[in-house]
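Asker: Dropping the structure in here first, questions after.
The values are calculated or read from the model by the stated rules, or taken from the named source; none is laboratory data. This structure is a prediction, so every number in the text was calculated from the model and none was measured. Neighbour counts are summed over all protein chains in view; Cβ atoms, including those assigned to glycine, are modelled from backbone coordinates with ideal geometry. Quick note on the areas: whole protein, heavy atoms, side chains included, nothing else; ligands and nucleic acids left out. Shrake-Rupley method; radii C 1.70, N 1.55, O 1.52, S 1.80 Å.
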Amino acid sequence: MPTKKKPQVTASPERRRELLDTAAEVFAEQGYNATTVRKIADEAGMLAGSLYYHFDSKESMLEEILRTFLDELWNGYDAVLDAELGPRETLEALVTESFREIDRHRAAVAIYQKESRHLAAQQRFAFLAESQRNFEKAWLSTLERGVGAEVFRPDLDIRLTYRFVRDTVWVAASWYRPGGQHSPEEIARQYLTMVLDGIAVRT
């Protein structure tokens, strides 16, 4: 006889968020493939079977974690891009929004960095590749506008600069801890001082 799946139940939004936060921390620490549903349940203080009442698989949990992070990231990015700011101000706002997302979703960022390349090959996670393409387009176009407007140095290698800015911002997920000495905005301000002194036109 086929095994009956346990019926899904609707947890309160707060409890669902708690379970996903726990799963995100475990995925980030141990890696997706090495993480079992039992390990997530142990960290959440419940039986593995009970976790299946809320999520049908660890894939479902991972998808919701990554979609939530990217949806919030793009809500922030779209607000910046729609504001029609100058290129320097757009770059500053994108960096600041990035650090805010690291503050809100540090574990999800770490998962994305470690797992997105191989996950994107799966149909279920095809949205990761689309997000990456849009991400690259937003940053490259901002840098290109800055060079064209003579706000950024004319000798910049746009793609190399993009990779440098991208990697140095998002690697912060490996050391940043919410509630630390510096707010996301303060970290962004100090970071931008270092970066923009290197790419802005010298007067």
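Asker: Relative contact order, percent, of the chain when contacts are C-alpha pairs under 8 Å separated by at least 6 residues?
Answerer: Details: 164 pairs, mean separation 45.7, N = 203.
Relative contact order here is 23 percent.
Asker: Quick one: length gained pulling residue 160 to residue 38 fully straight, 0.36 nm per residue minus the C-alpha distance?
Answerer: Fully extending the segment from residue 160 to residue 38 adds 39.7 nm.
Asker: Would you mind calculating the gained length between residue 46 and residue 79 on full extension (0.36 nm times residue separation, minus the Cα-Cα distance), in nm to one decimal?
Answerer: Additional length available on full extension: 7.9 nm.
Asker: Express the accessible area of region 65-203 per residue in Å², computed with a 1.4 Å probe while the remaining protein chains stay in the model.
Answerer: It amounts to 54 Å² per residue over region 65-203.
Asker: At 0.36 nm per residue, minus the direct Cα-Cα distance, what do residue 72 and residue 59 gain on full extension? Give it in nm, one decimal, please.
Answerer: On the way: separation 13, 0.36 × 13 = 4.68 nm, distance 2.00 nm.
Contour length minus Cα-Cα distance gives 2.7 nm.
Asker: So, one more: Answer with one residue from 105, 50, 190: the one whose Cα lies farthest towards the positive end of the charge dipole of the chain, charges on Cβ with Lys, Arg +1 and Asp, Glu -1.
Answerer: Of the options given, the answer is 50.
Asker: Hey, what do the phi angles of region 131-142 turn into as Karplus ³J(HN,Hα) couplings, whole Hz, using 6.51/-1.76/1.60 and θ = phi - 60°, x for Gly and Pro?
Answerer: Values, residue by residue: 4, 4, 5, 5, 4, 4, 4, 4, 6, 5, 5, 5 Hz.
Asker: State which stretch of the chain is the longest one without any exposed trypsin sites (Lys or Arg not before Pro), exposure meaning a DSSP loop state and at most 10 other Cβ atoms within 10 Å. Let's see the in-between values first.
Answerer: Working: sites that count: 4, 5, 202.
Excluding the exposed sites themselves, the longest stretch runs over 6-201.
Asker: For a Förster distance of 45 Å, can you work out the FRET efficiency between the beta-carbons of residue 120 and residue 185, rounded to the nearest 0.05?
Answerer: It comes out at approximately 0.90.
Asker: Specify the longest stretch of the chain that does not include any exposed loop site, a site being one of the GluC sites (Glu not before Pro) with a non-H, G, I, E, B DSSP assignment and at most 14 other Cβ atoms within 10 Å.
Answerer: 1-83
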